[in-house]
Structure formats: C-alpha cells, structure tokens
Amino acid sequence: MGLNFSPQNLYRLPWNLADNAISWLEPTYACNLYCDGCYRENRKASHKSLSEIERELDLFASLRKSDSISIAGGDPLVHPQIVEIVRMIRQRGWKPIINTNGQALTKDLLLKLKEAGVWGFTFHIDSYQNRPHWKGKNEIELNELRLHYAKMLAEVGGITCSFNATVYPETIKYVPELVKWAQEHIDIVHIMVFIIYRIATLDGLYDYYIGDKKVTFDDITYAREFETRRTDVKSEEIVAEIRKVYPDFMPCAFLNGTHLPNSYKWLLTGRMGNKHQIFGYVGSKFMELVQTMNHFFTGRYLAYSHPKTQRRGRLYFLLSPFDKGIRQIAKNYFKSFFSNPKAFFNRVYYQSIMIIQPIDILPDGETNMCDGCPDITVWKDRLVWSCRMEEQLKWGQQARVVPKAKELVETKEQKQEVEAK
Ligand code: SF4
C-alpha cells in the first residue's frame with residue numbers, strides 16, 4: 001500500500017500529558033442512546049454536581065495546559081446543568097466543545113449554550129446507534145441528519161461544527177462518501193472525525209490481570225465474547241479507502257502510539273477548497289507553524305479554531321514560502337481560473353479530517369495507546385485515558401493484558417514451527 005507518508009515526513013503533534021490541545025470532561029455517564037462501539041457504560045443516575053465538576057476543572061488547570069475542553073459522557077446534553085457547565089469552562093478561558101449525539105439538542109438549548117460561551121459541537125452520528133427514527137439507515141442516509149445539525153449551528157453562527165463516526169469494518173466503504181459530503185458542505189462543516197472500531201475480545205487470546213490477580217473482563221462495556229469483525233483496522237487503511245475518491249489525499253500530522261512509533265493513532269489532514277474543488281492538502285510545515293505560533297502567542301496548542309478562520313483559505317497562501325502543501329494548493333487554485341472558474345471565484349475554506357486509531361493490543365499483551373492522548377480525563381486526583389475509564393471505575397487501575405502462553409506465537413508459520421517441535 002503506497003502510503004507516501006511516514007513519521008519522517010509528517011509533523012508529530014507536540015501534544016503531551018502536561019501540555020495538550022484538548023482535555024476530556026465527563027459530567028455524566030448517562031446517555032439517551034445505546035451505540036454498539038461505546039466505551040462508557042450507560043449509568044442513568046450519574047450526573048456529577050457542579051462542585052465535582054469544579055474540582056475536575058481545578059485538576060485540569062493544575063496539571064495540564066489545554067486549549068479546549070471536550071465535554072462528553074454519556075451524552076452531556078442530558079445533564080440538567082449543561083449550560084452552567086459550559087459557562088464554567090468558558091469563564092476559565094477554555095473553549096467548551098460539546099460531544100453529543102444531538103438527540104437532546106433544541107434551538108432553545110443551543111441559544112442558551114451559545115450565550116454561555118459554547119465554542120463548538122462534535123456530533124457523534126453513525127449507523128450503529130439504534131437511533132430512534134433512523135434505525136437501519138446506512139451512513140449515506142444519515143447525511144440528512146448530519147446536515148440538519150450543521151445547518152442548525154450555521155443559523156446561530158460562530159460555532160465550530162464537527163462530526164464523528166465510529167468506523168466498523170463493514171462501514172469503511174462509506175468513509176469516502178462521507179468525506180465527499182463534507183466537501184459539499186465545507187462552508188458549514190469544519191471537521192470530520194473517523195474513530196476506528198475497537199473492542200476487547202474475550203476469545204481466549206488474552207487474560208486480564210489487576211496486579212497479580214486474574215480478573216474477568218466480560219462485564220466491561222468494551223469487551224465482547226464473540227466478535228467476528230476485525231478489531232485491528234489501521235488508520236492507513238482508512239486513508240487508502242478515502243484515496244479511492246480523493247487520490248491525492250495527504251495527511252500532515254499525527255500522534256504516534258505509546259509502543260509503536262510508526263502507528264498513526266491520531267492522523268490529521270487539512271484540506272482547502274470549496275464545494276466545486278479541493279485545491280489540495282496542507283503540509284507538515286503549515287501544521288507546525290499553526291501549532292507553534294498558537295502556543296507562542298496563547299501558551300496553548302490549537303485544537304479548534306474559530307469558524308471565521310476556516311473561511312479565509314486564500315489568506316493561508318501567504319504561507320506558501322514555508323509549506324509545500326500550501327504552494328500546491330495556491331498553484332491549483334490559480335489554475336482553476338481557467339479549468340474551473342466557479343471554484344476560482346468561490347470562497348476557499350479550510351477543513352480538517354481526523355482519523356483516530358484507539359487501543360491496539362499487541363501480541364505480547366502491551367497496549368499501544370495514543371502517545372499524547374488528547375482525551376485524557378479525571379479519575380479521583382489523577383489524569384487517565386478516558387477510553388479505559390471503565391477499568392478505573394471497576395478496579396481503580398487499568399488491567400494488564402497477558403497473552404495466553406500459546407498465543408504469544410505471532411504468525412501461523414511460527415505456530416507451525418512450535419507445533420512441529
Ligand atoms: S488513548 Fe484512548 S482516550 Fe486517549 S485518544 Fe486514544 S483512544 Fe482516545
């Protein structure tokens with residue numbers, strides 16, 4: 001698979017445990033949907049009090065720099081004090097980003113959240129959510145719902161609009177069409193996030209230990225006894241799929257794994273264009289400039305910029321001397337004067353595409369997490385990976401994954417070698 005990108009030519013995002021672009025707050029574990037790949041158990045009576053949330057924000061403030069606070073859960077819109085929570089975060093100088101399935105979002109609530117200082121929404125919409133009125137709809141049919149929320153935000157204005165979808169092996173084929181849909185609405189859709197499906201399989205390959213005590217994982221919400229679907233899809237495969245529609249799709253930055261430096265745990269692509277044409281993809285130098293300049297002037301790395309900066313694509317041409325990607329974008333743009341005048345005379349937008357590859361369990365049992373995890377959350381007085389919070393809640397620590405002796409054998413040949421002995 002000719003990727004033509006690698007850790008050598010991508011910008012390694014400078015995000016780390018103490019100085020990151022995002023932190024992750026869960027004001028509740030309650031949700032109004034039951035998504036297939038969810039990693040949080042849906043606990044109805046779990047709304048945190050404002051003082052508990054204040055304590056968690058204090059901990060973030062004391063241990064970690066961040067630009068934005070992702071407010072998640074469960075679904076934060078079911079928390080009765082979500083407007084106050086947004087106000088608390090905004091008053092501390094962070095950008096409140098609400099991660100929601102959108103079910104509970106009304107125009108009235110949106111206006112209250114806007115007044116309280118909400119900076120953006122990330123709508124989690126995919127075909128494995130058992131969503132009332134949308135059951136059985138595939139990813140393409142769900143674009144109607146995505147557009148509904150994008151227009152709702154655009155009408156109010158000044159709010160960043162992102163969509164995320166869990167990508168299952170059987171829905172990978174829809175990803176290019178979702179990227180195309182995002183181009184058609186590049187004026188009101190600022191970020192698309194694809195999160196690759198992961199589940200802890202209880203198929204006898206591994207045992208789980210807390211300290212020296214073997215534990216059962218079967219009541220952990222992200223564990224599954226019988227899972228025939230692949231649980232090891234890689235970011236590169238999603239890029240290869242997108243390239244079926246956008247052959248020159250090119251990431252610019254990444255977060256590696258805690259064990260595999262050449263694993264693309266967060267793989268970021270920035271593109272510029274409009275609904276008539278994508279002029280190209282920003283390069284690693286552009287992203288390095290954006291992150292370091294933002295940090296130099298604000299003391300923080302950047303996760304979510306304001307919608308108005310997304311609309312100023314041509315302004316970024318000024319950075320052509322520093323970035324190969326921008327030079328190519330500018331070249332394609334000026335060429336479009338002859339080849340595609342509609343594209344030339346239309347506004348040029350910036351749009352981000354993020355691919356997230358959660359936990360990889362390696363043959364030796366090591367867990368390859370995201371190095372510089374942006375979705376770090378609070379557990380008691382510590383910062384932990386939100387994707388493994390269920391283990392914290394159950395055992396006060398993450399389980400150690402230990403391969404059963406026989407399964408340490410990585411490849412079939414080795415297997416045969418062992419069996420031949
Ligand atoms: S380590 Fe887990 S919580 Fe952190 S970014 Fe990766 S998948 Fe998300």
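The values are calculated or read from the model by the stated rules, or taken from the named source; none is laboratory data. If you're wondering where the values come from, they're calculated on a predicted model, not measured in any experiment. Don't worry about glycine lacking a Cβ; one is built from the backbone with ideal geometry, like all the others, and counts go over all protein chains shown. The protein model used for the area step is the full one, side chains on, heavy atoms only, and it has no ligands, DNA or RNA in it. Shrake-Rupley method; radii C 1.70, N 1.55, O 1.52, S 1.80 Å.
Each label point was placed 7 Å from the Cα along the Cα-to-Cβ direction; for Leu3 and Leu205 their separation is 1.9 nm. Please tell me which of these pairs span more than 22 angstrom C-alpha to C-alpha: Lys137/Lys275; Lys44/Lys380; Lys213/Lys394; Lys114/Lys265? Lys137/Lys275; Lys114/Lys265, as the Cα separations exceed 22 Å there. Binned at 10 Å from 0, what are the whole-percent values of the Cα-Cα distance distribution for the range 150-216, short to long? Taking every Cα pair in the range 150-216, the percentages come to 17, 31, 21, 15, 14, 3.
As a ratio to 2.2 N^0.38 Å, the alpha-carbon radius of gyration computed for the chain takes the value 0.99. Dipole magnitude for the range 1-131: computed about the Cα centre from +1 point charges on Lys and Arg Cβ and -1 point charges on Asp and Glu Cβ, it is near 180 debye. When the chain is treated as a Gaussian network with alpha carbon springs shorter than 10 Å, the biggest mean-square fluctuation among Glu115, Glu56, Glu139 belongs to Glu115.
Can you pull out the chymotrypsin sites (Phe, Trp or Tyr not before Pro) in the range 171-241 whose DSSP state is coil and whose Cβ has at most 16 other Cβ atoms within 10 Å?
When the chymotrypsin sites (Phe, Trp or Tyr not before Pro) of the range 171-241 are filtered for loop state and at most 16 Cβ neighbours within 10 Å, Phe226 remain.
Using only alpha carbons, the range 67-209 has a radius of gyration to Kirkwood radius ratio (Rg to Rh) of 1.01. Since only Ala330, Met369, Asn340 are under comparison, the one whose Cα sits farthest along the positive direction of the charge dipole of the range 288-379, derived from C-beta charges on Lys, Arg, Asp and Glu, is Asn340. Using only side-chain charges placed at the Cβ, +1 for Lys and Arg and -1 for Asp and Glu, the dipole size of the chain relative to its Cα centre rounds to 1640 debye. Summarising the overall dimensions of the range 165-204 from its C-alpha atoms, the Rg and Dmax are 13.7, 48 angstrom. Kirkwood-type hydrodynamic radius, the range 1-160: 17.1 Å, calculated from all non-identical alpha-carbon pairs. Working from Cα pairs under 8 Å separated by at least six residues, relative contact order for the range 172-238 is 33 percent.
At a probe radius of 1.4 angstrom, the accessible area of the range 279-354 per residue rounds to 54 square angstrom.
State the percentage of accessible surface on the range 171-265 attributable to carbon and sulfur atoms; use a 1.4 Å probe and exclude ligands, DNA and RNA.
Its accessible area is 53 percent carbon and sulfur atoms.
Between the residues Phe194, Gly257, Phe217, the greatest Cα displacement towards the positive end of the dipole of the range 186-281, with unit charges on the Cβ of Lys, Arg, Asp and Glu, is found for Phe194.
Put simply, when 59-70, 332-343 are sorted by average Cβ atoms within 10 angstrom per residue, most first, you get 59-70, 332-343.
Ignoring ligands, DNA and RNA, please state the percent of accessible area on the range 40-132 from carbon and sulfur, probe 1.4 Å. Don't jump to the answer; show the numbers that get you there.
Numbers: 1850 of 3500 Å².
So the carbon and sulfur contribution to the accessible surface is 53 percent.
Normalised by 2.2 N^0.38 Å, where N counts its residues, the alpha-carbon radius of gyration of the range 281-417 equals 1.60. Extension gain, Glu52 to Asn130: 0.36 nm times the residue separation minus the Cα-Cα distance gives 25.0 nm. A Förster distance of 35 Å, applied to the separation of the beta-carbon atoms of Phe337 and Lys173, puts the FRET efficiency at 0.45.
Can you give the Rg to Rh ratio of the range 6-58, both from alpha-carbon atoms, with Rh computed by the Kirkwood formula?
Looking at the range 6-58, the ratio lands at 1.15.
Any idea what log10 I(q)/I(0) is at q = 0.15, 0.27, 0.29 Å⁻¹ for the range 250-304, Debye with uniform C-alpha scatterers and no solvent? Evaluating at q = 0.15, 0.27, 0.29 Å⁻¹ gives log10 I(q)/I(0) of -0.55, -1.05, -1.08. Radius of gyration over Kirkwood radius for the range 112-152, both on Cα atoms: the Rg/Rh ratio is 1.07.
Share of the range 273-323's accessible area from carbon and sulfur, percent, 1.4 Å?
After summing per-atom areas, the C and S share lands at 62 percent.
A crude spin-label estimate for the pair Ala240 and His148, with each label 7 Å from Cα along the Cβ direction, gives 3.6 nm.
Our coupling estimate for the range 383-390, obtained by passing each phi through the Karplus curve with A = 6.51, B = -1.76, C = 1.60 and θ = phi - 60°, is 9, 9, 5, 5, 6, 10, 5, 4 Hz, Gly and Pro reported as x.
Between Ser320 and Asp219, residue separation times 0.36 nm minus the direct Cα-Cα distance comes to 31.0 nm. Exceedance of the 23 Å cut-off in Cα-Cα distance is limited, within the set Lys112/Lys151; Lys234/Lys324; Lys180/Lys342; Lys285/Lys342, to Lys234/Lys324; Lys285/Lys342. Full extension of the chain between Phe296 and Lys404 gives 34.0 nm of extra length, using 0.36 nm per residue less the Cα-Cα distance.
Rolling a 1.4 Å probe over the protein heavy atoms gives the range 28-129 an accessible area of 37 Å² per residue. Of the three principal axes defined by the Cα atoms of the range 215-370, the extents in descending order read 63, 38, 25 Å.
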